[in-house]
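Asker: Just dropping this structure here.
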Amino acid sequence: MKKNLIWTLLLLFAVAGICSYGAGMVSANSYGHHQTKPPVVTTPPVVNNSTTPVGVNTVNTTAQLTSAISSAQAGSTIYLSSGTFSLSGLTISKNIILQGAGQNQTILTGNGNRILTIGNCQVTINNMQFTDGSASYGGAIQSSGTLTLNNDYFTRNTASQYGGAINNYNILNVNNCLFTNNTTPGVFEIGYGSGSAILNNAGCTMLVSGSTFSGNTAGSYGAIFQLGTGTFTNDNFINNVAGEGGALYTSGQVANSQVVGCTFTDNQAVNGAGGALSEYHSSSNVQNSTFTGNSAILAGGAIYNDGQDTSSSVISTITVNGCTFTNNSVSSTATGGAIMTYDGPMIVSNSVFTGNTASDGGALFNYGGSFVLTDNTVSGNSAPQITQTSGG
């Protein structure tokens, strides 16, 4: 009896030991030599590098884009995939957001037609390219609403009259965009062929920030033809060419431009005045900006101000503060290597003029207006002729 009890107890201890050993070997057997089945492998999550949220369908064709805009509810966001969308004057008349995959991924082309026409609504367009649009006004976009552009790229658009890339009839916000090789062909002083990148109409508002305008060409006036209210902050203007006002031309009694922290490099006025900026019967305030290597045929290698409107009592003023002017020039018989003002007041303070060249007034030239100069540094400029109205 005792033997049977002893054998029973030994058997129970053995079973318990085996079970305990098995429980302790779960971890070891999962990775050990005697593994009988592969371990469970957890796949790392896929990182979504696009601007499209996971689970949101994207538009892939022109037909899908047209349909999506037509059926969209106000406030909707339409996501466009990488690829090229051929459009011809597609009209948007509701508040929507168009979201692209990137400046060089989502491409909207007009193939010789205007790309978008925007009505009286609020539209935001992000991360797209607009190319090869063409129209009389606004080769890529004509907008009568509130248009906001973020990280967009405009290239090779053209308008036979005004606004090679954009014609703004209301409110335009441009942030971190790039405008290159847009054109408005035209005959100088006829008026057509102005604003190779943007036309901002009278009574309209434009705010441009952190954007670059490079290699745009206008037969008449400016990469930007500014007839309304314009604010330009931390923008770059490089190698733009126009008949007058190579980068920015501001004109009209109600027009005014605020320029802060911008750079103007190698812009040209090939027929008239103001290699970088030209102001005609309007007002401008230029602060903390840099002008380098700009040139003009007639006057004002960097800036020209035509202040007096003889048809009215309006006298425009240009104010320059904290700016640097280096190696700007005019032709061998012209005046105001950096700045010229004609029949209008100009206030210049805390600015530096170096290496600018003109026949008269290597740095500054005043004709018939008033010049207020305060705390400026003028050195190393060249002017073979020096008159009482000029500054070497």
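The values are calculated or read from the model by the stated rules, or taken from the named source; none is laboratory data. Predicted model, so just to flag it, every value in this text is computed and none were measured. Glycine also receives a Cβ, built like all others from the backbone with ideal geometry; neighbour counts cover every protein chain displayed.
Asker: If the requirement is being small (Gly, Ala, Ser) and out of contact with any Leu (no Cβ under 9 Å at 6 or more places or on another chain), which of these qualifies: Gly163, Gly210?
Answerer: On the way: Gly163 fails: out of contact with any Leu (no Cβ under 9 Å at 6 or more places or on another chain).
The unique qualifying residue is Gly210.
Asker: Quick check on my filter: what residues within the stretch 169-183 are in contact (Cβ under 8 Å) with a residue 40 or more places away in the chain and within 22 Å of Gly228 (Cβ to Cβ)?
Answerer: The first filter runs over the stretch 169-183 and keeps only residues in contact (Cβ under 8 Å) with a residue 40 or more places away in the chain, leaving 170, 178-179, 182.
Listed by number, the residues that qualify are Asn170, Phe179, Asn182.
Asker: So if I check each of Gly228, Gly219, Gly243, which one is farther than 20 Å from Asp266 by Cβ and touching a residue at least 12 places away in the same chain (Cβ under 8 Å)?
Answerer: On the way: Gly219 fails: farther than 20 Å from Asp266 by Cβ; Gly243 fails: farther than 20 Å from Asp266 by Cβ.
After applying the criteria, what remains is Gly228.
Asker: So which residues in the stretch 352-377 are more than 21 Å from Thr333 (Cα to Cα) and either crowded, with 23+ Cβ neighbours inside 10 Å or modelled with pLDDT of 90 or more (or both), if there are any at all?
Answerer: Within the stretch 352-377, Val352, Val372, Leu373, Thr374, Asp375, Asn376, Thr377 meet the criteria.
Asker: Among the residues that make up the stretch 113-123, is at least one of them surrounded by fewer than 24 Cβ atoms within 10 Å (Cβ to Cβ), polar (S, T, N, Q), assigned to a strand (DSSP E or B) and without any contact (Cβ under 8 Å) to a residue 60 or more places away in the chain?
Answerer: yes
Asker: Let me ask another. Looking at this structure, is Gly164 modelled with pLDDT of 95 or more and either outside any strand (DSSP E or B) or β-branched (Val, Ile, Thr) (or both)? Outline the logic, then answer.
Answerer: Working: modelled with pLDDT of 95 or more: yes; either outside any strand (DSSP E or B) or β-branched (Val, Ile, Thr) (or both): yes.
Yes: the conditions hold for Gly164.
Asker: Which residues, counting only those in the stretch 124-135, are in a strand (DSSP E or B) and under 18 Å from the mean Cα position of the chain (by Cα)? I'd like the intermediate steps shown before the answer.
Answerer: So the first thing to find is which residues in the stretch 124-135 are in a strand (DSSP E or B), and the list is 124-126, 129-131, 134-135.
Listed by number, the residues that qualify are Thr124, Ile125, Asn126, Gln129, Phe130, Thr131.
Asker: For the stretch 303-373, which strands (runs of 3 or more DSSP E) that fit wholly inside it have 2 or more residues that are among the aromatic types (Phe, Trp, Tyr) and on the phi < 0 side of the Ramachandran plot?
Answerer: Details: elements: 303-306, 318-321, 324-326, 339-342, 346-349, 352-354, 364-367.
Hits in the stretch 303-373: 364-367.
Asker: While we're here: Can you say whether Gln253 is part of a strand (DSSP E or B) and surrounded by fewer than 24 Cβ atoms within 10 Å (Cβ to Cβ), as far as the supplied structure shows? Write out each step before concluding.
Answerer: Numbers: part of a strand (DSSP E or B): no; surrounded by fewer than 24 Cβ atoms within 10 Å (Cβ to Cβ): yes.
Here the answer is no, as Gln253 does not meet what is asked.
Asker: So, in the stretch 187-210, of the ones that are of a type in the set (Ser, Thr, Tyr) and surrounded by fewer than 24 Cβ atoms within 10 Å (Cβ to Cβ), which residue ends up modelled with the lowest pLDDT?
Answerer: Quick first cut of the stretch 187-210, residues of a type in the set (Ser, Thr, Tyr) only: 192, 194, 196, 205, 209.
Those left that are additionally surrounded by fewer than 24 Cβ atoms within 10 Å (Cβ to Cβ): 192, 205, 209.
On the way: Tyr192: 85, Thr205: 98, Ser209: 98.
Per the stated criteria, the residue is Tyr192.
Asker: Looking only at the stretch 136-152, count how many residues are surrounded by 22 or more Cβ atoms within 10 Å (Cβ to Cβ) and either part of a loop (DSSP other than H, G, I, E, B) or in contact (Cβ under 8 Å) with a residue 40 or more places away in the chain (or both). Quick ask: steps written out before the conclusion?
Answerer: Our first condition is that a residue be surrounded by 22 or more Cβ atoms within 10 Å (Cβ to Cβ); within the stretch 136-152, this holds for 138-143, 147, 149, 152.
Of the ones still in play, those that are also either part of a loop (DSSP other than H, G, I, E, B) or in contact (Cβ under 8 Å) with a residue 40 or more places away in the chain (or both) are 138-140, 152.
Looking only at that region, the number is 4.
Asker: Next question. Assuming Ile347 fulfils every condition listed in (1) among the aliphatic types (A, V, I, L, M); (2) at pLDDT below 95; (3) surrounded by 21 or more Cβ atoms within 10 Å (Cβ to Cβ); (4) over 22 Å from Ala242 (Cβ atoms) apart from one, which condition is it?
Answerer: Ile347 satisfies all of (1) among the aliphatic types (A, V, I, L, M); (2) at pLDDT below 95; (3) surrounded by 21 or more Cβ atoms within 10 Å (Cβ to Cβ); (4) over 22 Å from Ala242 (Cβ atoms) except (3).
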